[in-house]
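Worksheet for the structure shown next.
Read-outs: derived from the displayed coordinates by stated rules, not from any lab. All of these numbers come straight from a predicted model, not from anything done at the bench. Don't worry about glycine lacking a Cβ; one is built from the backbone with ideal geometry, like all the others, and counts go over all protein chains shown.
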Amino acid sequence: MSFLFFFFFFFLSFFLLLLVCYRLAVVPQGGNTGLVGGSVPVFDEVIVSLANMNKFETFDEVSGILACEAGCVLENVDKYLAERGYIMPLDLGSKGR
């Protein structure tokens, strides 16, 4: 089992291409706050941590559309939107760290 941390989308996409070429299994992990266990490796997968990809890119207050990176913890997204008078339309069964 290997842990890999990424900061930039370009490096992540290149690395995933290498894993596909070598037919290696991948388990993506974000904030590791889930209760279901969907990001838990079961055998010999490469774990790709997206936790460092946790920035909010843009938020359009007219349309209510938020663009954020893949590693954002949903609780943090909910707080970010609440500060601006918006809500995240989901129920957070798991909370951040």
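So the values come out like this:
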| item | result |
| --- | --- |
| Label-to-label distance, nm, for residues given as Phe9 and Tyr22 (7 Å Cα→Cβ offset) | 2.5 |
| Inter-site label distance for Asp60 and Ile87 at 7 Å from Cα along Cβ, in nm | 2.3 |
